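Asks: Below is one structure. I have some questions about it.
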Amino acid sequence: MSEASTSPAAPSADPDEPVEAAYRKYWEEKVKAYAKASVQGTDLKKYAVAEALTTAEAEVQALKEKGVVATGSPVLAPKVTSVDTNRKVPRGTLSDCTDVSDWTLVQQSSGADVTLPSDRLTKYVTEAVAEKWYGRWVIVKVTPEDRPC
């Protein structure tokens with residue numbers, strides 16, 4: 001095995017890999033923010049920009065105003081659908097089957113479950129757009145769709 005193949009600094013030969021990694025980090029930080037109804041102390045701003053960041057911050061603020069936090073975490077199954085590194089700003093898109101059935105909302109003060117509509121989708125399609133800004137991939141837009149997967 002050559003040194004180049006074992007070097008952790010070598011860029012991935014698979015262009016999908018950094019797009020999916022950025023998406024997973026975005027969710028990891030979003031889960032942290034939802035767990036405390038605050039983006040403070042998370043790296044959400046490192047992985048989400050533009051519309052994705054604004055939307056996530058608004059969602060977290062809404063939780064805070066209601067005194068609600070989330071426990072557990074969603075299960076993700078992202079598949080990169082395109083990567084275009086020939087653009088001025090490289091862009092990638094992915095589609096995910098987001099399963100939020102084990103990511104529950106509870107009252108922050110009591111820990112009591114928040115009652116949610118029984119007909120809500122707990123496994124739905126999420127479309128996301130990533131772009132490479134200043135040498136790193138970030139999530140710019142996340143669209144949860146009103147359709148099951």
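The values are calculated or read from the model by the stated rules, or taken from the named source; none is laboratory data. The shown structure was predicted, so the numbers you read here are calculated from the model rather than taken from an experiment. All Cβ positions, even for glycine, are placed from backbone atoms using ideal geometry, and neighbour counts span all protein chains on display. Remember, those area values only see protein heavy atoms, side chains included, never the ligands or the DNA or RNA. Shrake-Rupley method; radii C 1.70, N 1.55, O 1.52, S 1.80 Å.
Asks: Write down the accessible area per residue of the chain in Å², having rolled a 1.4 Å probe over the full set of protein chains.
Replies: Per-residue value: 60 Å².
Asks: If you roll a 1.4 angstrom probe over the protein chains with everything in place, what fraction of the accessible area of segment 37-149 belongs to carbon and sulfur, to the nearest %?
Replies: Carbon and sulfur together cover 49 percent of it.
Asks: Out of all DSSP beta bridges in the chain, what portion is antiparallel? Express it as a percent rounded to 5.
Replies: 95
Asks: What lysines does Lys32 reach when the alpha-carbon gap must be under 16 Å and sequence neighbours fewer than 8 apart in one chain are set aside?
Replies: Partners within reach: Lys45, Lys46, Lys64.
Asks: In degrees from 0 to 90, rounded to the nearest 10, what is the angle of the helix 50-66 Cα long axis to the longest principal axis of the chain?
Replies: The helix 50-66 is inclined about 20 degrees to the chain.
Asks: Against the longest alpha carbon principal axis of the chain, how many degrees, from 0 to 90 and to the nearest 10, is the axis of helix 16-36 turned?
Replies: Tilt relative to the chain: about 20 degrees.
Asks: Let me cross-check Trp27: its accessible surface, 1.4 Å probe, with only protein heavy atoms counted, in Å² to the nearest 10?
Replies: Solvent-accessible area, nearest 10 Å²: 10 Å².
Asks: Moving on. Scanning the chain for trypsin sites (Lys or Arg not before Pro) in DSSP loops with at most 16 other Cβ atoms within 10 Å, what's the longest stretch left with none?
Replies: Counting at most 16 other Cβ atoms within 10 Å as exposed, the longest clean stretch of the chain is 1-86.
Asks: From the helices alone, meaning DSSP H stretches of at least four residues, give me the mean residue ellipticity at 222 nm for the chain, per-run term -39500 (n - 2.57), in deg cm²/dmol to the nearest 500.
Replies: The helix-only estimate for the chain comes to -9500 deg cm²/dmol at 222 nm.
Asks: Starting from the amide H of Ala37, placed 1.01 Å from N in the peptide plane, find each other amide H under 5 Å away whose residue is 5 or more places distant or on another chain.
Replies: Ala70
Asks: Using Rg and Dmax of the Cα atoms in Å as the read-out, say which of (i) 17.0, 57; (ii) 14.4, 42; (iii) 17.2, 60 was calculated from these coordinates.
Replies: Derived directly from the coordinates: (i).
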